[in-house]
């Protein structure tokens, strides 16, 4: 499958916002947005002139890159959101937040979504006691996500959990760090998703 292999800090600079793709580095002065808060490339510091379409495209690209998805994957989630009852934009974010790799990150078991995706792919987690190695696996209310017993002694995972001990708790996730597990209480509402995204622009883009 195609994947992005260039420097991920360029992505944050292109979108003009922190996408938290480098874990703890994003919280330091070494963050690319802090050091160079303009788009990469020869014309990165030039005058910006965004059309309506340009604004819509940037919101879609930014959201897609938050979750590390390819275009076809992201469009598939949008089509699913359209068919659900309720507001399409909010449904889209709810679906994206329901991905297993995102839940692993939100629970504090990984420093970033890319790291969470790698850990899930390497089968370090279980869902309801069963090993799952599919990052796009969709969790449901009541599901219990836990570090697999064979991975509990990993210094890497233990270090990440300790480093994230002070991370604020989420209303829709119940995390037990001592047991290295998290329970999905419910799927998040829009006000529980802390991303700086104007999802209505994405809906407008795909509705053209």
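Each row is one residue, and each column tells you yes or no for (1) on the phi > 0 side of the Ramachandran plot; (2) at pLDDT below 95; (3) in contact with a helix residue (DSSP H, G or I) (Cβ under 7 Å, 6 or more places away or on another chain).
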site	(1), (2), (3)
62	no, yes, yes
72	no, no, no
79	no, no, no
83	no, no, no
91	no, no, yes
101	no, no, yes
122	no, no, no
130	no, no, no
133	no, no, yes
> Do any helices (runs of 4 or more DSSP H) lying entirely in region 102-208 carry at least 1 residues that are in contact with a strand residue (DSSP E or B) (Cβ under 8 Å, 6 or more places away or on another chain), and which ones are they?
Replying inline: 113-121, 155-163
> Which is surrounded by 17 or more Cβ atoms within 10 Å (Cβ to Cβ), touching a helix residue (DSSP H, G or I) at 6+ places or on another chain (Cβ under 6 Å) and modelled with pLDDT under 95, of 139, 160, 197?
Replying inline: 197
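The values are calculated or read from the model by the stated rules, or taken from the named source; none is laboratory data. Small disclaimer: the values here were computed from a predicted structure and weren't measured. Please note: Cβ atoms are built from the backbone with ideal geometry, for glycine as well, and neighbour counts cover all protein chains shown.
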